[in-house]
1. Assess whether W31 counts as being open to solvent by 50 Å² or more (accessible area, probe 1.4 Å), free of Cβ contacts under 8 Å to residues at least 60 places away in the same chain, among the hydrophobic types (A, V, I, L, M, F, W, C) and part of a helix (DSSP H, G or I).
2. Could you tell me whether any residue of the stretch 2-11 is in contact with a helix residue (DSSP H, G or I) (Cβ under 7 Å, 6 or more places away or on another chain), among the hydrophobic types (A, V, I, L, M, F, W, C) and part of a helix (DSSP H, G or I)?
3. Out of all the residues in the stretch 7-28, which are buried (at least 16 other Cβ atoms within 10 Å of the Cβ), of a type in the set (G, A, S) and touching a residue at least 40 places away in the same chain (Cβ under 8 Å)?
4. Taking the stretch 97-118 as the region of interest, how many residues are open to solvent by 30 Å² or more (accessible area, probe 1.4 Å) and either in a helix (DSSP H, G or I) or under 25 Å from G16 (Cα atoms) (or both)?
5. Could you give every pair whose Cβ atoms fall below 7 Å, whose first residue belongs to the stretch 86-114 and is farther than 17 Å from F24 by Cβ, and whose second residue is hydroxyl-bearing (S, T, Y), counting only separations of at least 6 or pairs across chains?
6. Among the residues of the stretch 42-68, what is the count of those that are crowded, with 17+ Cβ neighbours inside 10 Å and outside any helix (DSSP H, G or I)?
7. Take the residues in the stretch 69-78 that are open to solvent by less than 40 Å² (accessible area, probe 1.4 Å) and assigned to a helix (DSSP H, G or I); name whichever of them is nearest to M53 (Cα to Cα).
8. Conditions first: (1) assigned to a helix (DSSP H, G or I); (2) under 20 Å from L120 (Cα atoms); (3) over 10 Å from the mean Cα position of the chain (by Cα). V18 passes all but one, so which condition is the exception?
Amino acid sequence: MKKIKRKHIREIAIYGIVGLTALFFQDFAYWILHRYFHVFPSVSMILGSAVGMFIAYYGHIKYTFKKHRFSKREFTKFMITSIIGMCINVGGVRILTKIFMLAPEYGVIPTFITPFISFLISKFWAFR
């Protein structure tokens, strides 16, 4: 039983590190695209999410779930999971910037909620 718990704790910790790395690059891309290239916040989030998706996939395959082979099925499931996360992020950006009329800088807030949902989907469906 302890072995199972340690494995899960390790997975969660590494998932967090990989996720934070992907989140950093996602939010950095969002910020740069919006701030310096004047791309709309929602479009910036979509493009930033794409950057984060590929970093997250590689990190989760290699470090979190320690898969030794590439699987089209897992990749497809991961992309579906990522698209769900992106929808949450983009929807959050739209709500914050269009409905609540907050500055686009607040658009990164949803990106701190999405990882919890994505971990559960990844753990129990995408990388099962």
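1. Values: open to solvent by 50 Å² or more (accessible area, probe 1.4 Å): yes; free of Cβ contacts under 8 Å to residues at least 60 places away in the same chain: no; among the hydrophobic types (A, V, I, L, M, F, W, C): yes; part of a helix (DSSP H, G or I): yes.
So W31 does not fit the description; no.
2. Scanning the stretch 2-11 turns up no residue that is in contact with a helix residue (DSSP H, G or I) (Cβ under 7 Å, 6 or more places away or on another chain), among the hydrophobic types (A, V, I, L, M, F, W, C) and part of a helix (DSSP H, G or I).
3. G19
4. First, the residues of the stretch 97-118 that are open to solvent by 30 Å² or more (accessible area, probe 1.4 Å): 98-106, 108-109, 112-113, 115-117.
Subsequent filtering for residues that are either in a helix (DSSP H, G or I) or under 25 Å from G16 (Cα atoms) (or both) retains 98-99, 104-106, 108-109, 112-113, 115-117.
Summing the residues that are open to solvent by 30 Å² or more (accessible area, probe 1.4 Å) and either in a helix (DSSP H, G or I) or under 25 Å from G16 (Cα atoms) (or both) in the stretch 97-118 gives 12.
5. Short answer, once both residue conditions are applied: I88/T114; V90/S42; V93/S42; R94/S42; L96/Y106; P104/T97.
6. Summing the residues that are crowded, with 17+ Cβ neighbours inside 10 Å and outside any helix (DSSP H, G or I) in the stretch 42-68 gives 1.
7. Top of the filtered list is F78.
8. (3)
The values are calculated or read from the model by the stated rules, or taken from the named source; none is laboratory data. Owing to the predicted nature of the structure, the values given are computational and were not obtained by experimental measurement. Counting neighbours? That spans all protein chains shown, and the Cβs are built from the backbone with ideal geometry, glycine included. For the accessible areas, the whole protein counts, side chains as well, though only heavy atoms, and no ligand, DNA or RNA atoms are used. Shrake-Rupley method; radii C 1.70, N 1.55, O 1.52, S 1.80 Å.
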